[in-house]
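Beneath this line is the structure, given in structure tokens, with notes to follow.
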Amino acid sequence: MKRLLITGAAGGLGHAMRSRLGGLAERLRLSDIADLGAAEANEELMPCDLGDAASVMRLVEGCDGILHLGGVSVEDRFSKILNANIAGVYNLYEAARAHGRPRILFASSNHTIGYYRQDQYLTTTDPMRPDGLYGVSKCFGEALATMYFEKFGQETALVRIGSCFEKPRNHRMLATWMSYGDFQSLIERVFTAPRLGCPIIWGSSNNDRSWWDNSAAAYLGWRPKDNAEDYRAELDAAMPTPPADDAASLYQGGHFVREPIHQES
Ligand code: NAI
Ligand code: 15L
């Protein structure tokens, strides 16, 4: 690729991926509403609020791939989610449509299905069961992307990320964790595969514990390598296993299922 756009580049995953993806494109266009720091030689910085349609239109121009990480990433007030995750995703897809349909990786979330129990094994065709307004906004993003694929042929990887951090932070993440290295290899597969389509992909590592069946996306040839189990002893030493009746032990979305609706004032 000549230019890969990374939205949300100032966030946790944006920061972790920024330095890893230089080989994927001649230039990285980095965007966020938060401070992006200084640009490296192969980087250009374009601050932008995803809710501002005209700015997003300029942001996407000249890009031949989009890693869409930007937006509200936890449960929050509806007005914030509406701007970043609902209007923002619509603005992004309209801009992509106007600028030659660059391939998109949409950072969706396990909170699209958070109300499933941890003893259930899911395929990508199981109905959504979002666990809050944040999860609902990711369901919207997946639905919008699917419609743009059906109507206009816009390709998107809908990656339902479990928990992507340097290492698992609690016992639930023994199933949901995806390492930075595995996310990097998934991004590389998504942007180099000859045909992508619009698949849902579970974003988790090769964990011994697993709730998700990725066989529908096997044609992409992504083989995650890391295993959260390697951190079990470290987790056991650092914290107790949550009680069996705790949301963290019962639901795939963990504590998100217990979040209240956040009020505006
Ligand atoms: P993060 O919260 O650290 O980064 C999100 C970035 O989006 C922030 O830098 C923020 O300033 C930016 N942003 C928020 N509203 C914006 C707006 N209106 N306009 C422009 N930028 C805006 O989140 P993280 O962990 O880096 O996640 C990246 C993406 O992956 C998010 O979309 C999140 O929902 C998704 N995800 C992440 C998971 C994880 O384990 N890290 C799990 C599941 C999904
Ligand atoms: C998410 O969707 C969040 O963005 C992230 O911060 C984690 O909480 C993750 O899900 C998770 O479920 O562990």
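The values are calculated or read from the model by the stated rules, or taken from the named source; none is laboratory data. Here the structure is a predicted model, which means the values were calculated and not measured. Positions of Cβ are generated from backbone atoms using ideal geometry, with glycine treated the same way; all protein chains shown enter the neighbour counts. Calculation scope for accessible area: heavy atoms of the full protein, side chains included, ligands and nucleic acids excluded. Shrake-Rupley method; radii C 1.70, N 1.55, O 1.52, S 1.80 Å.
Key figures
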{"quantity": "Isotropic mean projected area of the C-alpha convex hull, the stretch 31-116 (nm²)", "calculated": "6.5 nm²"}
{"quantity": "The stretch 3-258: antiparallel DSSP beta bridges as a percent of all, rounded to 5", "calculated": "5 percent"}
{"quantity": "Excluding exposed DSSP-loop trypsin sites (Lys or Arg not before Pro) (at most 16 other C-beta within 10 Å), longest clean stretch of the chain", "calculated": "78-168"}
{"quantity": "The stretch 3-258 - Debye-derived log10 I(q)/I(0), Cα point model, q = 0.10 Å⁻¹", "calculated": "-0.46"}
{"quantity": "Test item: Cα-centred dipole of the chain, Lys/Arg +1 and Asp/Glu -1 on Cβ, debye", "calculated": "620 debye"}
{"quantity": "Cleavage-rule hits, GluC sites (Glu not before Pro), the stretch 182-265, DSSP coil, Cβ neighbours within 10 Å at most 12", "calculated": "264"}
{"quantity": "Partners for residue 2 among aspartates and glutamates (Cα-Cα distance below 15 Å; same-chain residues under 8 apart left out)", "calculated": "26, 43, 44, 61, 64, 188"}
{"quantity": "For the stretch 124-232, projected area of the alpha-carbon convex hull averaged over all directions, nm²", "calculated": "7.1 nm²"}
{"quantity": "Accessible surface, the chain, averaged per residue in Å² (probe 1.4 Å)", "calculated": "45 Å²"}
{"quantity": "Given charges at Cβ of Lys, Arg, Asp, Glu: the chain dipole, positive-most of 10, 46, 99", "calculated": "99"}
{"quantity": "Anchor residue 80: lysines whose Cα lies under 24 Å away (excluding residues fewer than 8 positions away in-chain)", "calculated": "138"}
{"quantity": "Fluctuation leader among 179, 163, 55 - the chain, Gaussian network, Cα springs under 10 angstrom", "calculated": "55"}
{"quantity": "Within the accessible area of the chain (1.4 Å probe), percent carbon and sulfur", "calculated": "52 percent"}
{"quantity": "Computed [θ] at 222 nm, deg cm²/dmol, the chain (DSSP H ≥ 4; -39,500 (n - 2.57); rounded to nearest 500)", "calculated": "-8000 deg cm²/dmol"}
{"quantity": "Per-pair calculated FRET efficiency, R0 = 41 Å: residue 262 and residue 2 via Cβ, rounded to 0.05", "calculated": "0.50"}
{"quantity": "Length added when fully stretched, residue 125-residue 165, from 0.36 nm per residue minus Cα-Cα", "calculated": "11.8 nm"}
{"quantity": "Net charge of Cβ neighbours under 9 Å - reference residue 48; Lys, Arg +1; Asp, Glu -1", "calculated": "-2"}
{"quantity": "Given charges at Cβ of Lys, Arg, Asp, Glu: the stretch 3-258 dipole, positive-most of 202, 191, 180", "calculated": "191"}
{"quantity": "Extension gain from residue 97 to residue 246, taking 0.36 nm per residue of separation minus the Cα-Cα distance", "calculated": "49.2 nm"}
